[in-house]
Amino acid sequence: VTVMIITNKMLLPILLSYYKFTPEQASKLAGKETAGDWLWERLGGLATKQYAWIPILVGLALLAFGISQARHLHIGDLGKGVPELRPESRYNQDVGFITSQYAIGVDLLQVIAEAKPQSDDDSPCVDREVMDKMEDFEFQMRQVDGVATVRSLSGFVKTMTQNFAETYSKWRMLPESKAQIAQGVGYATRLGNEFMNSRCTAMPVSIYTTDHQATTIEHIVDKIKEFKEAGGDTDRVTFRLASGNVGVMAATNEAVHAADKWVNLALFASVMALCLVTFRSFPITLCVVLPLALVTVLCNALMAMLGIGVKVNTLPVVALGVGVGVDYGIYLFERMKHEMEDNGLNLRDSFVEALKQRGTASIFTAATMTISVATWIFSALKFQADMGILLAFMFLVNAFGAILLLPALAAYMVGNLKKKEIKGPVLKEAM
């Protein structure tokens, strides 16, 4: 944005100074600069109370619809497989087949069982109390919906005990003595740090999930927290959340959930503050901001309908849409305010004049940005296609909100501004 300000305010005038506009070219364009004025004249009625209720009523209906749909908006990914790829991609199809046919998964949530040794020579891995708590945790996690399988040191020791008993199923259990437990732990050390660190003070419990959808992650994390609160954490062992790609997603989703409201609050607060500084009028500021708020609600509704969750990648979309969309309202109202205060026009005539001067440029800008980002919809990357849909929606609907809803709000909240009185000496034309 900073570079755009420099190019538009400095480089563009320099380039225009080299442009030669001949009288012949001017004669060819004569009369075409007002070719669309008939449309702006017809829209002038929106700035009068006689017709202003129509866009306001439509806006309220859209607001009610947007709120009803936005309630289904979730934090995090909502699809299966890699969220950057489309569901029909080869990789996501393979992931779906593997997770549905086998008790494994490609998404991993690791809970670290932190054990406290009783002495410098003590190894918590062979402590039956510690192993019992890990066995209980592993058993309960296997019953949670969304969990494909669980791997931990306690389960590995039980498997090795069964193998030493000629795979007899009744021997799939934790041994009573430390020596017998140490026998299974010894084989676990051959796998490196998969089940424990060198001192057995940190033992990861690997929970493979069926997918990484936001609802699945939230459900599993809630069950883990319930286990901890119900006595899972003791003086000897504490279960720590979490590592693995799903653990990172869970932490990210919590951070996004906490930041979502603050981002929107800071965004609209800064927009309102700058509009107040520009127009020095709270009603005018509301006329500019309310259409932006409506489009934001509708964007959230669109995300819910398309199955796009709020995450790190999509969180800035609303900010970008509001940042671009507020321009249309500022352009129109700045011109309207000038026509009313300096030229003494009423609200309707000043709105029509503002549309004649700024309306065509606003529509051109909105159409250019909308069409350009809409081409992303055909991308093989689902993330890019989603961004194309959301940005195209925000760019286009914000322009319509400024042109159709803003004057209707102004008809009830602003009215006609008084013409400024010219103070000081006035030079009279000599007779």
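Find the residue count for region 189-233, including only residues that are assigned to a helix (DSSP H, G or I), more than 24 Å from the chain's Cα centre (by Cα) and surrounded by fewer than 22 Cβ atoms within 10 Å (Cβ to Cβ).
12
Applying the selection to region 234-243, what residues are open to solvent by 60 Å² or more (accessible area, probe 1.4 Å) and part of a loop (DSSP other than H, G, I, E, B)?
Keep residues of region 234-243 that are open to solvent by 60 Å² or more (accessible area, probe 1.4 Å), which gives 235, 240-241.
If the condition is that a residue be open to solvent by 60 Å² or more (accessible area, probe 1.4 Å) and part of a loop (DSSP other than H, G, I, E, B), then ASP235 is the only one that fits.
Given (1) within 14 Å of ALA410 (Cβ to Cβ); (2) in contact with a Phe, Trp or Tyr (Cβ under 7 Å, 6 or more places away or on another chain); (3) of a type outside the set (Phe, Trp, Tyr); (4) crowded, with 21+ Cβ neighbours inside 10 Å, identify the lone condition not met by LEU332.
Result: LEU332 passes all but (2).
Residues GLY36, GLY81: which one is at positive phi and either open to solvent by 80 Å² or more (accessible area, probe 1.4 Å) or at pLDDT below 80 (or both)?
Just one listed residue meets the conditions, GLY81.
Quick one: which residue in GLU41, GLU114, GLU84 is touching a strand residue (DSSP E or B) at 6+ places or on another chain (Cβ under 7 Å) and over 27 Å from VAL312 (Cα atoms)?
GLU114
Would you check which residues across region 265-313 are within 28 Å of PRO87 (Cα to Cα), assigned to a helix (DSSP H, G or I) and open to solvent by 40 Å² or more (accessible area, probe 1.4 Å) and list them?
Answer for region 265-313, where residues must be within 28 Å of PRO87 (Cα to Cα), assigned to a helix (DSSP H, G or I) and open to solvent by 40 Å² or more (accessible area, probe 1.4 Å): MET305, LEU306.
Taking into account only those residues within region 98-120 that are farther than 18 Å from PHE137 by Cβ and among the β-branched types (Val, Ile, Thr), which is modelled with the highest pLDDT?
ILE98
Could you list, in sequence order, all residues of region 114-146 that are of a type in the set (A, V, I, L, M, F, W, C) and open to solvent by less than 20 Å² (accessible area, probe 1.4 Å)?
Those that are of a type in the set (A, V, I, L, M, F, W, C) and open to solvent by less than 20 Å² (accessible area, probe 1.4 Å): ALA115, CYS125, VAL130, MET131, MET134, PHE137, MET141, VAL144.
For region 253-264, what are the residues that are in contact (Cβ under 8 Å) with a residue 60 or more places away in the chain, open to solvent by less than 50 Å² (accessible area, probe 1.4 Å) and of a type outside the set (Asp, Glu)?
Result: ASN253, VAL256.
What about ILE56, is it among the β-branched types (Val, Ile, Thr), modelled with pLDDT of 85 or more and open to solvent by 60 Å² or more (accessible area, probe 1.4 Å)?
No.
Go through (1) open to solvent by 10 Å² or more (accessible area, probe 1.4 Å); (2) within 26 Å of the chain's Cα centre (by Cα) one by one and return the number of the condition PHE364 breaks.
(2)
The values are calculated or read from the model by the stated rules, or taken from the named source; none is laboratory data. Nothing here was measured: the structure is a model prediction, and the numbers come from that model. Reconstructed Cβ throughout: ideal geometry from the backbone, glycine too, with neighbour counts over all protein chains shown. Surface accessibility is based on the protein's heavy atoms, side chains included, excluding ligands, DNA and RNA. Shrake-Rupley method; radii C 1.70, N 1.55, O 1.52, S 1.80 Å.
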